[in-house]
Amino acid sequence: MANSGVTYEDAGVDVKAGDYFADMISDRVSAVWPETKIGGFAGEFGVPDGAKIAIGSVDGDGTKPDLARRVGKYDVVGIGAVAMSTVDAYVAGAMPAAVLDYIVVEHLVPKVHIEIVEGVIAGCKLAGCKLIGGETAEHPGVGHAEGYFDIATFCVGFPDPAIRLKPKEDIKPGMTIWGWDSLGLGSNGYSLARKVLRLCEDRPSRILERLERYHRRLGMSLADALLVPTAIHIQAIEELRANGVEFVGHAHITGGGMPGNIPRILPDDCVAEIDLGSWEVPPIFHMIQQRGRVEFAEMAKTFNLGAQMVSVTPSSQIIDHPACHRIGEIQERVGDEAPVLFHGKF
């Protein structure tokens, strides 16, 4: 009797595990959104009456997954990936409607990796949208570390006249700048953080030891400080808007920090002056700066520094929300000065 030929499983791809994983995802999605069916070739969702255009965005959770796999904390990565794409859509003036995810793993372990999807579902609930489908791919034998995984999410939303922000030319000197708490690094700057905190290029056991060590200045372990879910403030902002708060612009503080993202919403003749002492900066940022002797300019263009979003309102507006703080003011730009100026001490 001839020997059997090489199978897909021999190559490292477990088709049965993939089918089981798909069923697990379908069960969880149906439990939250009974009308949504997972498992077809594509997902579907409703289009608002009168919609003529859609807004799309895609993003991931940086190199945070490398830390998450080391300590077995997967859901925060799903939340982070959703935060990145849905908040980008929201600050562009669209209410997020639907999300698809793309998860790649070195070897699929359904009972472990389902936590990523549970995080995606949790993030969608926070953002006010739903998960309509996605793809999970096994990539064995291509040099990934054992247990490697990564995720990206794709968001589609529709411009909503009720939340559509004014043209950036309507931002004027004297307007108020508000910062929304990030609680931690969010989804950006992890490559620098990992290098400074010696969480890469070392024996896995040493890295895990550093991650699990409790730090009094943090009030928690290093892993807990680094693996805080990325904040999603969409519903809080919508509640304030429904109660009469007028927002003129929002900036999502992701890669590039405040210097790279606030200018996206500023007219050329305005500068954002930020008071560094006006909000509480999570101690993990100070640890990174001190351990790596990182210059403030590098910190500012790499990390969110504790503000995941920035909003601009007329000076007459007052925001009373525990996660939102007055952090600065729009001023007239003089000459070729930088569009974002920091005052005070970090």
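The values are calculated or read from the model by the stated rules, or taken from the named source; none is laboratory data. All figures in this text were calculated on a predicted structure; none of them were measured in a lab. Positions of Cβ are generated from backbone atoms using ideal geometry, with glycine treated the same way; all protein chains shown enter the neighbour counts.
Side notes on the structure shown:
- Identity of the residue in region 153-187, of a type in the set (D, E, K, R) and modelled with pLDDT of 95 or more, that ends up surrounded by the most Cβ atoms within 10 Å (Cβ to Cβ): Asp181
- So Val312, is it within 19 Å of Ser182 (Cβ to Cβ), surrounded by 18 or more Cβ atoms within 10 Å (Cβ to Cβ) and of a type in the set (A, V, I, L, M, F, W, C): yes
- Contacts under 8 angstrom Cβ, first residue in region 253-275 being over 16 Å from Gly184 (Cα atoms), partner polar (S, T, N, Q) and part of a loop (DSSP other than H, G, I, E, B), 6 or more apart: Asn261/Thr254
- Filtering region 168-185 to residues that are within 15 Å of Glu246 (Cβ to Cβ) and part of a loop (DSSP other than H, G, I, E, B) leaves Ile171, Lys172, Gly174, Met175.
- Filter pass, Val245 being in the same structural domain as Ile327 (by TED's automatic domain parsing), among the β-branched types (Val, Ile, Thr) and within 22 Å of the chain's Cα centre (by Cα): no
- Test set (1) of a type in the set (Gly, Ala, Ser); (2) loosely packed, with under 14 Cβ neighbours inside 10 Å; (3) touching a His at 6+ places or on another chain (Cβ under 6 Å) - Ala242 fails condition number: (3)
- Where a residue in region 92-106 is modelled with pLDDT under 95 and its partner, wherever it lies, is in a strand (DSSP E or B) and of a type in the set (Val, Ile, Thr), with Cβ under 7 Å and at least six apart: Ala92/Ile55; Ala94/Ile55
- Among the residues of region 287-310, those that are in contact with a Leu (Cβ under 9 Å, 6 or more places away or on another chain) and among the small types (Gly, Ala, Ser) comprise Gly292, Gly306.
- Taken over region 161-197, the criterion of being over 20 Å from Pro283 (Cβ atoms), touching a Leu at 6+ places or on another chain (Cβ under 9 Å) and among the hydrophobic types (A, V, I, L, M, F, W, C) is satisfied by Ile171 alone.
- Among residues of region 135-148 being touching a residue at least 60 places away in the same chain (Cβ under 8 Å) and part of a strand (DSSP E or B), the one that is farthest from His107 (Cα to Cα) is Thr136.
- Ile79 assigned by TED's automatic domain parsing to the domain that holds Glu146 and closer than 30 Å to Pro263 by Cβ: yes
- Residues that are of a type in the set (A, V, I, L, M, F, W, C) and either touching a helix residue (DSSP H, G or I) at 6+ places or on another chain (Cβ under 6 Å) or free of Cβ contacts under 8 Å to residues at least 40 places away in the same chain (or both) within region 311-333 comprise just one, Ile318.
- Here Ile132, Ile163, Ile116, Ile151 are screened, and the one residue that is assigned to a helix (DSSP H, G or I) and in contact with a Phe, Trp or Tyr (Cβ under 9 Å, 6 or more places away or on another chain) is Ile116.
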